[in-house]
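See structure below.
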Amino acid sequence: MRMFVAVQPPAEAVEHLDEFLSPRREAAAFRWSDPEQWHLTLAFSESVPERGLDELGERLAQVAARRPAFDLRVAGGGAFPDPDRARVLFARLAVDDDAASALEALASGCRAAMSGAGARVDGQRFRPHLTLGRLGRPDNVTSWVRLLDAYDGPAWHVDELALVASHLGEGRRRRPRHEVVETYALA
């Protein structure tokens, strides 16, 4: 199964960012992500073995129980690999030192949990963000990054992790459909 572990922003935070982007979406050739699927990926695997799901759940519950809740908010923007030749436009997460440490520890723990349950984990460096849109070919998105740099969203309290199954091609416009399999409360 294709799965990831994520922090999901609450509806209020999603609606706030969505309202900011709505009047501007028509001005770009992005394949915009559905707001209801915005999330902060902590760990990702293209192939989680079904036989390892129970163990993965137990390991994620342990990771969550060891980490305290913290606050986050969306503020600013960026692009991968960079604004001059972007393929992905994203919203940044504003984090203080405590939240940055908490996110790093959560991501590391979630990746270890997936690996320990027999899944091959994506090894890319953890960079906290919400993917907003993708481009079919690299382009300069500096103006979009500047626009997002003016955005400052509401804070929210992160108190749980979600294990999410990603079903390719089953969502709107043949995009992935995300299904929360289980949630785990932070300490």
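Within the bounds of the stretch 35-53, is there any residue that is surrounded by fewer than 14 Cβ atoms within 10 Å (Cβ to Cβ) and touching a strand residue (DSSP E or B) at 6+ places or on another chain (Cβ under 7 Å)?
Going residue by residue through the stretch 35-53, those that are surrounded by fewer than 14 Cβ atoms within 10 Å (Cβ to Cβ) are 36, 47, 50-51.
Right, trim to touching a strand residue (DSSP E or B) at 6+ places or on another chain (Cβ under 7 Å) and you get 47.
Scanning the stretch 35-53, I find at least one residue that is surrounded by fewer than 14 Cβ atoms within 10 Å (Cβ to Cβ) and touching a strand residue (DSSP E or B) at 6+ places or on another chain (Cβ under 7 Å), so the answer is yes.
Of Arg73, Arg59, Arg87, which residue is free of Cβ contacts under 8 Å to residues at least 60 places away in the same chain and in contact with a Phe, Trp or Tyr (Cβ under 8 Å, 6 or more places away or on another chain)? Working first, answer last.
Details: Arg73 fails: free of Cβ contacts under 8 Å to residues at least 60 places away in the same chain; Arg59 fails: in contact with a Phe, Trp or Tyr (Cβ under 8 Å, 6 or more places away or on another chain).
Result of the check over Arg73, Arg59, Arg87: Arg87.
Within the stretch 113-126, track down each residue that is in contact (Cβ under 8 Å) with a residue 40 or more places away in the chain and farther than 14 Å from Phe4 by Cβ. Spell out the reasoning first.
Going residue by residue through the stretch 113-126, those that are in contact (Cβ under 8 Å) with a residue 40 or more places away in the chain are 113-114, 116-122, 126.
Within the stretch 113-126, Gly116, Gly118 qualify.
For the stretch 22-33, enumerate the residues that are under 16 Å from the mean Cα position of the chain (by Cα) and either in a loop (DSSP other than H, G, I, E, B) or farther than 17 Å from His129 by Cα (or both). Even if it seems obvious, please write down each step before you answer.
Within the stretch 22-33, the subset under 16 Å from the mean Cα position of the chain (by Cα) is 32-33.
Residue satisfying the conditions is Ser33 alone.
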(request) Give the residues of the stretch 34-85 that are of a type in the set (Val, Ile, Thr), closer than 17 Å to Pro176 by Cα and assigned to a strand (DSSP E or B), sorted by residue number. (result) Thr41
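Checking the conditions here, which among Ala79, Ala64, Ala86 is among the small types (Gly, Ala, Ser), under 18 Å from Glu104 (Cβ atoms) and within 19 Å of the chain's Cα centre (by Cα)? Talk me through it step by step, then tell me what you get.
Working: Ala79 fails: under 18 Å from Glu104 (Cβ atoms); Ala86 fails: under 18 Å from Glu104 (Cβ atoms).
Selected residue: Ala64, the only one of Ala79, Ala64, Ala86 that is among the small types (Gly, Ala, Ser), under 18 Å from Glu104 (Cβ atoms) and within 19 Å of the chain's Cα centre (by Cα).
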(request) With the checklist (1) in contact with a Phe, Trp or Tyr (Cβ under 6 Å, 6 or more places away or on another chain); (2) surrounded by fewer than 17 Cβ atoms within 10 Å (Cβ to Cβ) in hand, flag the one item Glu26 doesn't pass. (result) (1)
(message) Looking at Glu19 and the list (1) within 19 Å of Leu130 (Cβ to Cβ); (2) assigned to a helix (DSSP H, G or I); (3) touching a strand residue (DSSP E or B) at 6+ places or on another chain (Cβ under 9 Å), which single condition is not satisfied?
(response) (3)
(message) Which of the numbered conditions does Ala6 fail, given that it passes all the others? Conditions: (1) in a helix (DSSP H, G or I); (2) in contact (Cβ under 8 Å) with a residue 24 or more places away in the chain; (3) not basic (Lys, Arg).
(response) (1)
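Considering only the stretch 23-50, state which residues are among the small types (Gly, Ala, Ser) and at pLDDT 95 or above.
Residues of the stretch 23-50 among the small types (Gly, Ala, Ser): 27-29, 33, 43, 45, 47.
Ala43, Ser45, listed by residue number.
The values are calculated or read from the model by the stated rules, or taken from the named source; none is laboratory data. Computed from a predicted structure; not experimentally measured. No Cβ is skipped: glycine too gets one built from the backbone with ideal geometry, and neighbour counts run over all protein chains shown.
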